[in-house]
1. How about segment 77-114: which trypsin sites (Lys or Arg not before Pro) there lie in a loop by DSSP and see at most 12 other Cβ atoms within 10 Å?
2. What's the extension gain from His60 to Glu213 if we count 0.36 nm per residue and subtract their Cα-Cα distance?
3. Using Cα positions and a limit of under 18 Å, work out the aspartates and glutamates in reach of Lys82, with same-chain residues fewer than 8 apart set aside.
4. Order the following by accessible area, largest value first: Leu174, Leu127. Probe radius 1.4 Å; ligands, DNA and RNA are ignored.
5. Would you kindly find the accessible area of Lys164, with a 1.4 Å probe and non-protein molecules such as ligands, DNA and RNA excluded, rounding to the nearest 10 Å²?
6. Calculated FRET efficiency, Ser158 and Gln104, Cβ-Cβ r, R0 22 Å, to nearest 0.05?
7. Between segment 64-131 and segment 142-184, what is the C-alpha centre distance in whole Å?
8. Beyond a 21 Å Cα-Cα separation, which of these cross-linked pairs lie in this structure: Lys67/Lys210; Lys84/Lys166; Lys47/Lys67; Lys87/Lys166?
Amino acid sequence: MKIQHKKVLAGTAAVCATLALILNQTGAFAKVTTAHAHPPTAAAIVKKVTDSKALAAYLHLKPQILKRDLKHHMSLLDVAVKEKRTKPQLLGELSVLVRTDVAQAQKTRHLSAAETSLLEKDANAMLGRLIVNTKVATHKKAPLSGGLIKEVATILHSTPATVKAKLRAHESILQMADAAHLKESVLISDLVSYRAKHEKRHVSTAVLTKQVEHLIVKK
């Protein structure tokens, strides 16, 4: 009996070791640990809230109707006013949705109280600009090349991932620069210099300046 028991234990240990190897190879363990290592950004929270069915329901609209209105260059505030909602009411509802989503992230990502508080604060700070943005629905991807995004991140002392996340949350490069207390003229000058160095064909400084001015304000 003792020998048989030892064989069972040995077999169980072998199975556990095999499962551990499979999980490591498939990255399953990495996914679990990554959830805490990489908490959601405020920009991701805001985007999720503005795309939510809950917001559409609050405005007494079907999600597809809300998206249609936004595609016609209406801001969220325009839509809210049309549906008899005031600016404070809209901001209040968005803040509630943000709080709910952050609370969910706190549970699933095991965020600390400090991380949760900062995430909610940063998300709420974006709402004022978001509701007056008339290009919420038309913005899909960053209007910049990968190299230029890296350059913007360097100038703003940020990271490409953060810049992309803010662009997806409808924040322009110029707004990011304002938040970083960087003058528009300095931002334009640096980006024009970067473009001039990496442009394959000759383009005048005047043309590059116009292109950069378009890129930094485009949402």
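The values are calculated or read from the model by the stated rules, or taken from the named source; none is laboratory data. What you see is a predicted model; the values in this text were computed from it and never measured. As a convention, Cβ positions derive from the backbone with ideal geometry for all residues, glycine included, and neighbour counts pool all protein chains shown. Keep in mind that these areas ignore ligands, DNA and RNA; they rest on the heavy atoms of the full protein, side chains included. Shrake-Rupley method; radii C 1.70, N 1.55, O 1.52, S 1.80 Å.
1. Lys84
2. Result: 51.3 nm gained on full extension.
3. Partners found: Asp69, Glu93.
4. On the way: Leu174 30, Leu127 5 Å².
The residues order as Leu174, Leu127, largest area first.
5. Approximately 90 Å² of Lys164 is accessible to the 1.4 Å probe.
6. Numbers: r = 26 Å, r/R0 = 1.20.
Approximately 0.25, to the nearest 0.05.
7. 21
8. As for pairs spanning more than 21 Å Cα to Cα, those are Lys67/Lys210; Lys84/Lys166; Lys87/Lys166.
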